[in-house]
Amino acid sequence: MCEKCKGNYYITTPIYYPSAKLHIGHAYCTVATDAMARYKRLQGYNVKFLTGTDEHGQKIEDKAKEAGVTPQQYVDDIVLGEGGVLDLWKLMNISYDRFIRTTDDYHVAAIQKIFKKMYDNGDIYKGAYKGKYCKPCESFWTESQLKDGKCPDCGREVMDAEEEAYFFRLSKYADRVQDLLENTDFLEPRSRVSEMVNNFIKPGLEDLCVSRTSFTWGVPVDFDPGHVVYVWIDALFNYMTALGFENDKYNDLEEFWPADVHFIGKEIVRFHSIIWPAMLMSLDLPLPKKVYGHGWLLLDGGKMSKSKGNVVDPYILSERFGVDALRFFLLRSFPFGSDGNFSNELLINTINVDLANDLGNLVSRTVAMAHKYFGEKLPAEQAENPEMDAELVAMVASLRDKYEEQMEKFAFQNALADIFKVISRANKYIDENTPWVLAKSEELKPRLAKVLYNLLETVRVCAGLLTPFMPATAEEIAKRLGGAKMDWDSLNIFGVLPVDVACVAGPALFPRIDMEKELAALEELNKPAKPAIEIEPYAEEHVDFDTFCKNDFRAVKVKECKNVKKSDKLLQFTLDDGTGTDRQILSGIAKYYKPEELVGKTLVAITNLPPRKMMGRESCGMLLSAVHTVNGEEKLNLIMIDDAIPAGAKLC
Ligand code: MSP
């Protein structure tokens, strides 16, 4: 630790699944973590802020397959590509110190060592897994844990799972974890403790399945080929491997472990407050000091999900409203520990009321008056009026302590509310002191100068305390106050600005937004872009009717369909064409369909093409399909017709 620092502070966000574009809900947690990290730096701590991406698992493997790329290419694109995770954090001014990807070599090797250590100490053993698996959540469940037969976390369908697997002796740690949750401040808000204890620990903690054999995109268990480490083990240990645990890439473990706080969303509290401490106990490692399970940003009271078509893109919002306004809104409008309802209207209203009206106006009015009445600098001769000034001065001088109390509890909304109480008070102070009246008399100029000084000093302290939330705005305000000091030790003192402060004017910090127009514009932007469909040019040459009628189109039913060995293009169909003898057709459509999806379908075949051999197999006809290009990507749909049409029916 550096000599001047107050201490070390290690804070983390969850590592994000790069399975889809991140939305405003993901940005919420990262912005909160960033605000906390910046606050601790402001206080003088030596901060390590870790974020990253959780890149393994079946879901990613499936998505990559769907996209026709390797899993590594798939995650690389979402993490590093244009508009990807790293770009988003850069845009949102996220001041992380380290970014971990669970596909990083050092992490993978470390996870293998960690897994082996728990195997060697007897806490991981081999058994057989039989139960339910929720693919989107990458979670195993027992029958009794399901809610109405569905995943208790996300409410989606689960699937049967049975395989040879390794288990972690979670049950062994049940009592110690319960004690940790009930008798310490490990998990906050405290309201989340009873949920964990009553729903998961008291009904009996079962050992946890920690390996899979049904897919390969994960950290291989190096002493048992075919098994990959359960993604949550791989993911949770990121908090330590990123500091150098079981690897030589970094060397910060001693300084920063145990973490001061893991910020996480409420749905992953179970992993962080039960499984994570139990694994650390197994390895005899210090536990993080705190896990904070924040609430969710909801849309219309429900989950933010792409499937609802209402995901709010942080890129669009930042572009329209500015990054600082968006950051501010997220932490000002919702209590961090509870859920909050996101809406564009609330966002615009918050910007208009707090930022345009209260803060923006205070800054521009004060700076403009200082210029108008005194030119470049305030005069040194200033007249106090204790009766008029005392309340504002006292509020400003005590603000930092109040703010600190709230920030230490992660009560960002309250910390901001305290700042905005002072800002409102300052705006009222302008009305009470009527600087425009004072300006009319030469005699009252010293009083006018003091009024303006008090206002500028108020702005300085408020902007300084806003730095963690709106770093760019705070910097701009410091410039407008002639390069004002905003370090922590200056923020609980009234009177730090030089009396003859020289202000710099500038455009409105937050122009007022026309609610109706903006909502209409956002709605327009939310409409899905029309896909650019390209169709083949029409043939110009005519075909005479008799020639056309020579084509023998028939309805055929798929009896069997399978991939052709060594070909990634061909599917082999066994078809009922109504003749009583099966017809075989080969079709180059494996890219578009899984064979099992097509069994039982009624398709259209042209049956009088001369038979032809493909990969050594005979194909007697051709299946009709529609081909077109959407957004540059070639698509194909087999022509499927009503199943009521019998096999062999002639189509004309
Ligand atoms: N990969 C795991 C975390 C592993 S940590 C060892 C994961 N990833 S995630 O991408 O699905 O979610 C990352 C974080 O975003 C979680 O904390 C989650 O709660 C948060 N949010 C996702 N949607 C959210 C909202 N709508 N609102 C607030 N936070 C939400 O879980």
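General remarks:
- Directionally averaged shadow of segment 105-230, computed from the convex hull of its alpha-carbon atoms, nm²: 8.8
- Placing unit charges on the Cβ atoms only, positive for Lys and Arg and negative for Asp and Glu, gives the chain a dipole magnitude near 300 debye about its Cα centre.
- The stretch between A472 and S398 holds 24.2 nm of extra length on full extension. This uses 0.36 nm per residue minus the Cα-Cα distance.
- Spatial separation of Cα centroids for segment 575-652 and segment 445-472, in angstrom: 74
- Positive end of the dipole of segment 294-412 (Cβ unit charges, origin at the Cα centre): among H371, L299, G322, the Cα lying farthest that way belongs to L299.
- Karplus 3J(HN,Hα) series, Hz, for segment 118-126 with 6.51 cos²θ - 1.76 cosθ + 1.60 (x for Gly, Pro): 6, 5, 5, 8, x, 7, 10, 9, 8
- Seen from C209, the other residues with C-beta closer than 10 Å to its C-beta sum to a net charge of -1, counting Lys and Arg as +1 and Asp and Glu as -1.
- Gap separating the Cα centres of segment 355-414 and segment 126-158, nearest whole Å: 55
- Summed over qualifying helices (DSSP H, 4 residues or more, each -39500 (n - 2.57)) and divided by its residue number, the chain shows a 222 nm mean residue ellipticity of -11000 deg cm²/dmol.
- Linear extension gain, E442 paired with K303, 0.36 nm per residue minus alpha-carbon span: 43.9 nm
- Along its three principal directions, the equivalent ellipsoid of the chain from the Cα gyration tensor extends over semi-axes of 59, 35, 19 Å, largest first.
- Computed over segment 208-275, the quotient of the alpha carbon radius of gyration and 2.2 N^0.38 Å is 1.28.
- With semi-axes defined as the square roots of five times the eigenvalues of the C-alpha gyration tensor, the equivalent ellipsoid of segment 71-147 measures 32, 20, 12 Å, largest first.
- Cross-link partners of K409 among lysines (Cα-Cα below 25 Å; sequence separation of 8 or more within a chain): K4, K6, K40, K48, K266, K289, K290, K421
- Based on the reciprocal of the average 1/r between different C-alpha atoms, the Kirkwood radius for segment 248-379 equals 18.9 Å.
- Nearest-0.05 FRET efficiency for K591 and K613, computed from C-beta distance (R0 22 Å): 0.55
- Note that segment 266-279 has calculated 3J(HN,Hα) couplings of 4, 6, 10, 5, 4, 5, 7, 10, 10, 5, 4, x, 5, 5 Hz, one per residue in order, obtained from phi through the Karplus relation 6.51 cos²θ - 1.76 cosθ + 1.60 (θ = phi - 60°); glycine and proline are x.
- Spherically averaged projected area of segment 459-563 from its Cα convex hull (nm²): 19.6
- Ordering of 383-392, 360-369 by packing is 360-369, 383-392, highest average first (other Cβ atoms within 10 Å, averaged per residue).
- Cα pair distances exceeding 17 angstrom across segment 309-372, given as percent: 49
- Computed from the C-beta positions of D514 and Y315, the FRET efficiency with R₀ = 25 Å rounds to 0.70.
- Of the residues H227, H542, the one with the fewest other Cβ atoms within 10 Å heads the list, and the complete ranking is H542, H227.
- Across the alpha-carbon atoms of segment 186-330, the computed radius of gyration and Dmax are 18.7, 53 angstrom.
- Taking all pairs of distinct alpha-carbon atoms in segment 603-652, Kirkwood radius in angstrom: 13.0
- Using the Cβ-Cβ distance between D222 and D582 with R0 = 45 Å, the FRET efficiency computed as 1/(1 + (r/R0)^6) comes to roughly 0.40.
- Given K21/K63; K559/K601; K63/K135; K135/K635, the pairs whose alpha carbons are separated by over 19 Å: K135/K635
- In straight-distance terms, cross-link reach from K562 covers every one of the aspartates and glutamates whose alpha-carbon lies under 13 Å from its own, apart from those fewer than eight places away in the same chain; here that gives E596, E597.
- For segment 554-635, the fraction of alpha-carbon pairs lying more than 17 Å apart is 45 percent, rounded to a whole number.
- For D552, distant residues with modelled amide H under 5 Å away: T607, N608
- Peptide ranges 454-461, 571-578, 92-99, 504-511 listed from the most packed, as the mean C-beta count within 10 angstrom indicates: 454-461, 571-578, 92-99, 504-511
- Expressed as a fraction of 2.2 N^0.38 Å, the C-alpha radius of gyration for segment 18-114 is 1.21.
- Comparing V393, A508, Y239 along the charge dipole axis of the chain, the residue lying farthest to the positive side is Y239, per the Cβ-charge model.
- Couplings 3J(HN,Hα) of segment 240-246, computed from phi: 9, 5, 5, 9, x, 5, 6 Hz, in residue order, whole Hz [Karplus 6.51 cos²θ - 1.76 cosθ + 1.60, θ = phi - 60°; x for Gly and Pro].
- With Cα atoms as the point set, the radius of gyration and Dmax of segment 343-492 evaluate to 15.6, 51 Å.
- Taking the convex hull of Cα positions in segment 507-613, its mean projected area over all directions (nm²): 15.7
- Point-to-point label distance, D160-A67, nm (Cα→Cβ direction, 7 Å offset): 3.3
- Taking 0.36 nm per residue of sequence separation and removing the Cα-Cα distance, the I606/S214 pair yields an extension gain of 137.2 nm.
- Charge dipole of segment 535-651 about the Cα centre (unit charges at C-beta), most positive-ward option of C620, P537, N637: C620
Every read-out reported here was derived from the displayed coordinates using simple, explicitly stated rules and does not represent laboratory data. As the structure is a prediction and not an experimental result, all values here were calculated from the model. Here Cβ is always computed from backbone atoms with ideal geometry, including for glycine, and neighbour counts include all displayed protein chains.
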